[in-house]
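Below: one structure, written as structure tokens.
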Amino acid sequence: MKAKLLALASLASLFVLNGCNCIGDKDTILARIDKENVYQEDYQLLLKNGEEVGKDKGKFLYDNLYSRAALTSRALSEYPELKQEWEDAYKDLEPRILTMVYQRFYVMECLMYSDEDLRRYYDANKSLFAEDSVSDYYALRKKIAESYYIFKNQEQWNAYLKEHAAPTDTMALRGRFVETYRQQLRDSVSKQVEEHRLVVVNEIPKVDARAYYERHKDSYMTVPGYVVYHIQGSNPDSLAKLFEENVSLDQFKQLAVASSQNAKTAADSGYVGFVKQDFALPYGIGIVPELAATLEGKKPGFVTPALKASQGNVYHRFYLVSQEPSKLKPFERVQTSIENGLNAGELFDVDSSFVLISKNGNPLFTEKDLLRYNQEYGRMRLNKAMHDRLTSMWAGIFTYAELAVQARLNHSWEFRAIARDTRWDYILKQYSSKKNDSIPENLYKYEYYMGYRLQSFGKNLEDCIPEIQSRISMNFKKKQNARRAAEAYSSATVHLYNPEVVEYKPEMLADVLLKEADSLYKADNRTAALEKYRDLQVAYADVDSLLEKATYEMALIQSENNESKQAEAGYYAYYSIWPEKPNAEKAMFSRGFILNEELGMNTRAQVVLEEFLKKYPNSELKESAQWLVDNIKSNGKLADELMKKIEAEE
């Protein structure tokens, strides 16, 4: 998988270290796409992260590198501000990239040996790696480091081998011997970073309750409310007829005594008293959802229309006596609560300019930085414990980053490749967000009609949109991004520098998808053709003519594939969305035919076919449709008679 640096936001990521193999000449430039360069080291990083190249290396390079470079170039062209946004984000990301490089490559793969030492050992001992002769140094570096460790610690290895002697496999023992050291090394480095940080974590100043109260008064306001009377009933029309809205409080009280079905308040002239906004009302009234909105901005003397309570068939009319605004609670009332919160760490207060982490007496990481980081990546609830954990995590990151710089890992190919990969990911994510793709209405309709038997049964389109969006939005966004990448690559100035790799031409273009679908269909590979039309349908859903064509062709292929339920629903979707298109006539007839002849749903088939006869009285398919209707009405007798006649003639 691609290196996703944003995942380093996890606290655990500081100590999860992995090592993989790589291949290739790291300095070779593979391609220049507009202003974006792609290097062999980018390819190596993919291989290190476990990506499988497969038979078509050109497609692999396009999918993982070239398309992203092309789309990045287009994104920066359309939104120049992304350049500055990336530079700002990189300030957070660079130390995390350095941390990853130090942990994953330098410690876990190279076992903290320099590249120079490992390469020198490899050049002098290539015979030890004869079975890997097709691979280069970088592909073997982990194995080289392990062999070099055993060479440097021969005495310990001999003792280990003697202790765990035959019949155990020697190669397995080598692996266990090195892995034990690797884990010890990881733990040792982590402990050293924790105990001997190269940065200083500054203690957060203590805050007393009064100071906290003064800075957070908004948190200590009373809930606004109102003083009301009410009349309760089970019939909103009857309540409405009791009186007009303009009625005096005395008149309202009299009516409450005489008419309210709430005995508790009727005994007190309908008096409810002070009610907090959006809280349950006393005396069994409960929640009245529309009350707050109805009373908003109203003056004393206002009488509400009949409002329904949240439970039961109960309605109320309220008389507003007064509005009670929110007020600041006195400090003495909340002092104990604040003190307890501060002592427990649930409440704490840090000035945004406070320097949490410093280096050589200079600010490195402030409270503002931590809040920004948490907002962008973590979104965790910041009590004192979590705040301390995040601060500690960043102190560790900065220390690892400093160690990486000391080891000159900021000049390594791994650092460059991960930084480039992270840049592409960041820009493309922001670009997709700025495009803010919305699913076109006709694609919603297609999914609605296709699911009419199950998902949308008994519901209208509007009710089904949330479920449809949840089901298809991920694939829709994926196809939209693939389309944009294909369009960007096709219009970019592309220079590929490895003639041995055949250039892959992107498929997610309308004309290419249409051509491939047609070719596959003619080759009788209908299932593959169906997939191409589905790609066209989703990727180009905003081009209604393409969505229409894909929808009809998919139903046609599904029919030929004997996928009767899908074909029937597809035809239904087609003529429901595009009733005036020429193919709507064929689609409606085909649906009726499939319902009758293939699915045995004769009642529904009859409705569809009779609708067809009314809508297309002059259709060439009129006689066929009428015969199908007559056969359904005869319970299949017409078909039986026809078969007997055919058999007799034979």
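The values are calculated or read from the model by the stated rules, or taken from the named source; none is laboratory data. Fair warning: this is a prediction, and the values are worked out from it, not measured in the lab. Counting neighbours? That spans all protein chains shown, and the Cβs are built from the backbone with ideal geometry, glycine included.
Yes/no per residue for (1) within 19 Å of residue 91 (Cβ to Cβ); (2) within 19 Å of the chain's Cα centre (by Cα); (3) hydroxyl-bearing (Ser, Thr, Tyr):
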position	(1), (2), (3)
383	no, no, no
386	no, no, no
391	yes, no, yes
414	no, no, no
429	yes, yes, no
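Can you tell me which of 185, 111 is outside any helix (DSSP H, G or I), among the hydrophobic types (A, V, I, L, M, F, W, C) and either within 24 Å of residue 392 (Cα to Cα) or within 42 Å of the chain's Cα centre (by Cα) (or both)? Give the derivation first.
Values: 185 fails: outside any helix (DSSP H, G or I).
Answer to the check: 111.
A count restricted to the stretch 282-336 and to residues that are of a type in the set (Gly, Ala, Ser), touching a residue at least 60 places away in the same chain (Cβ under 8 Å) and part of a strand (DSSP E or B) stands at 1.
Scanning the stretch 443-455 turns up no residue that is without any contact (Cβ under 8 Å) to a residue 60 or more places away in the chain, on the phi < 0 side of the Ramachandran plot, in a helix (DSSP H, G or I) and touching a Gly at 6+ places or on another chain (Cβ under 8 Å). Would the stretch 416-432 turn up any residue that is assigned to a helix (DSSP H, G or I), in the same structural domain as residue 46 (by TED's automatic domain parsing) and farther than 20 Å from residue 33 by Cβ? Within the stretch 416-432, none of the residues are assigned to a helix (DSSP H, G or I), in the same structural domain as residue 46 (by TED's automatic domain parsing) and farther than 20 Å from residue 33 by Cβ. Quick one: is residue 416 surrounded by fewer than 17 Cβ atoms within 10 Å (Cβ to Cβ), in contact with a helix residue (DSSP H, G or I) (Cβ under 9 Å, 6 or more places away or on another chain), basic (Lys, Arg) and at negative phi? In short, no. Tallying residues that are buried (at least 20 other Cβ atoms within 10 Å of the Cβ) and of a type outside the set (Lys, Arg) within the stretch 41-59 yields 6. For the stretch 597-623, filtering for residues that are surrounded by 14 or more Cβ atoms within 10 Å (Cβ to Cβ) and polar (S, T, N, Q) leaves 3. Within the stretch 478-489, residues that are in contact (Cβ under 8 Å) with a residue 12 or more places away in the chain have Cβ atoms under 8 Å from residues that are acidic (Asp, Glu) in these pairs: 479/535; 480/437; 486/507, counting only partners at least 6 apart in sequence or on another chain.
On inspection, residue 364 fails the criterion of being closer than 30 Å to residue 392 by Cα, in a loop (DSSP other than H, G, I, E, B) and hydrophobic (A, V, I, L, M, F, W, C).
State which residue is farthest from residue 334 (Cα to Cα) when the search covers only the stretch 195-216 and only residues that are of a type in the set (Val, Ile, Thr) and out of contact with any strand residue (DSSP E or B) (no Cβ under 7 Å at 6 or more places or on another chain). Give the derivation first.
Initial filter on the stretch 195-216 (of a type in the set (Val, Ile, Thr)): 199-201, 204, 207.
From what's left, out of contact with any strand residue (DSSP E or B) (no Cβ under 7 Å at 6 or more places or on another chain): 204, 207.
Values: 204: 23, 207: 15 Å.
Checking each candidate, the answer is 204.
Residue 473 meets the conditions (1) closer than 27 Å to residue 34 by Cβ; (2) assigned to a helix (DSSP H, G or I); (3) under 22 Å from the mean Cα position of the chain (by Cα) in every case but one. The failed one is (1). Give the number of residues within the stretch 203-231 that are surrounded by 14 or more Cβ atoms within 10 Å (Cβ to Cβ), outside any helix (DSSP H, G or I) and over 36 Å from the mean Cα position of the chain (by Cα). So the answer is 9. Screening 594, 577 for residues that are at pLDDT 95 or above, among the β-branched types (Val, Ile, Thr), surrounded by 20 or more Cβ atoms within 10 Å (Cβ to Cβ) and closer than 20 Å to residue 541 by Cβ leaves exactly one candidate, 577. When residue 165 is tested against the conditions (1) modelled with pLDDT of 95 or more; (2) part of a loop (DSSP other than H, G, I, E, B), the lone failure is (1).
So which residues in the stretch 209-228 are touching a residue at least 60 places away in the same chain (Cβ under 8 Å) and out of contact with any Leu (no Cβ under 7 Å at 6 or more places or on another chain)? Before you say what the answer is, go through the steps one by one.
Residues of the stretch 209-228 that are touching a residue at least 60 places away in the same chain (Cβ under 8 Å), as a first pass: 209-213, 215-217, 220-228.
Answer for the stretch 209-228, where residues must be touching a residue at least 60 places away in the same chain (Cβ under 8 Å) and out of contact with any Leu (no Cβ under 7 Å at 6 or more places or on another chain): 210, 211, 213, 215, 216, 222, 223, 224, 225, 227.
Confirm whether residue 178 is over 30 Å from residue 126 (Cβ atoms), of a type in the set (Val, Ile, Thr), touching a helix residue (DSSP H, G or I) at 6+ places or on another chain (Cβ under 8 Å) and assigned to a helix (DSSP H, G or I). No, not satisfied. Of the residues in the stretch 496-505, none is in contact (Cβ under 8 Å) with a residue 24 or more places away in the chain, assigned to a helix (DSSP H, G or I) and either under 22 Å from residue 475 (Cα atoms) or among the charged types (D, E, K, R) (or both). Scanning the stretch 27-80 for residues that are over 14 Å from residue 486 (Cβ atoms), in a helix (DSSP H, G or I) and of a type in the set (Lys, Arg) turns up 48, 57. Taking residue 301, is it assigned by TED's automatic domain parsing to the domain that holds residue 227 and out of contact with any strand residue (DSSP E or B) (no Cβ under 8 Å at 6 or more places or on another chain)? Considered against the rule, which asks whether it is assigned by TED's automatic domain parsing to the domain that holds residue 227 and out of contact with any strand residue (DSSP E or B) (no Cβ under 8 Å at 6 or more places or on another chain), residue 301 comes out as no.
Quick grid of which residues meet (1) out of contact with any helix residue (DSSP H, G or I) (no Cβ under 7 Å at 6 or more places or on another chain); (2) closer than 16 Å to residue 207 by Cβ; (3) of a type in the set (A, V, I, L, M, F, W, C):
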| position | (1), (2), (3) |
| --- | --- |
| 330 | yes, no, no |
| 334 | no, yes, yes |
| 344 | yes, yes, yes |
| 351 | no, yes, no |
| 360 | yes, no, no |
| 364 | no, no, yes |
| 372 | yes, no, no |
| 381 | yes, no, no |
| 386 | yes, no, yes |
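Just checking, which of 550, 555, 541, 529 is within 22 Å of residue 454 (Cα to Cα) and not hydroxyl-bearing (Ser, Thr, Tyr)?
Working: 550 fails: within 22 Å of residue 454 (Cα to Cα); 541 fails: within 22 Å of residue 454 (Cα to Cα); 529 fails: within 22 Å of residue 454 (Cα to Cα).
That would be 555, the only listed residue that is within 22 Å of residue 454 (Cα to Cα) and not hydroxyl-bearing (Ser, Thr, Tyr).
Going by the conditions given, is residue 262 exposed (fewer than 12 other Cβ atoms within 10 Å of the Cβ), more than 13 Å from residue 321 (Cα to Cα) and not aliphatic (A, V, I, L, M)? Walk me through it before giving the result.
Numbers: exposed (fewer than 12 other Cβ atoms within 10 Å of the Cβ): no; more than 13 Å from residue 321 (Cα to Cα): yes; not aliphatic (A, V, I, L, M): yes.
Considered against the rule, which asks whether it is exposed (fewer than 12 other Cβ atoms within 10 Å of the Cβ), more than 13 Å from residue 321 (Cα to Cα) and not aliphatic (A, V, I, L, M), residue 262 comes out as no.
Looking at the stretch 247-272, which of its residues are under 53 Å from the mean Cα position of the chain (by Cα) and not in a helix (DSSP H, G or I)? 260, 261, 262, 270, 271, 272, listed by residue number. Residue 100 fulfils the conditions (1) within 28 Å of residue 408 (Cβ to Cβ); (2) touching a Lys or Arg at 6+ places or on another chain (Cβ under 9 Å) except for a single criterion, (2). Exactly one residue out of 292, 306, 280 is within 22 Å of residue 235 (Cβ to Cβ) and either in contact with a helix residue (DSSP H, G or I) (Cβ under 8 Å, 6 or more places away or on another chain) or not acidic (Asp, Glu) (or both), and it is 306. Quickly run through the stretch 161-189 and pick out the residues that are buried (at least 17 other Cβ atoms within 10 Å of the Cβ), free of Cβ contacts under 8 Å to residues at least 40 places away in the same chain and not hydrophobic (A, V, I, L, M, F, W, C). The answer is 174, and nothing else.
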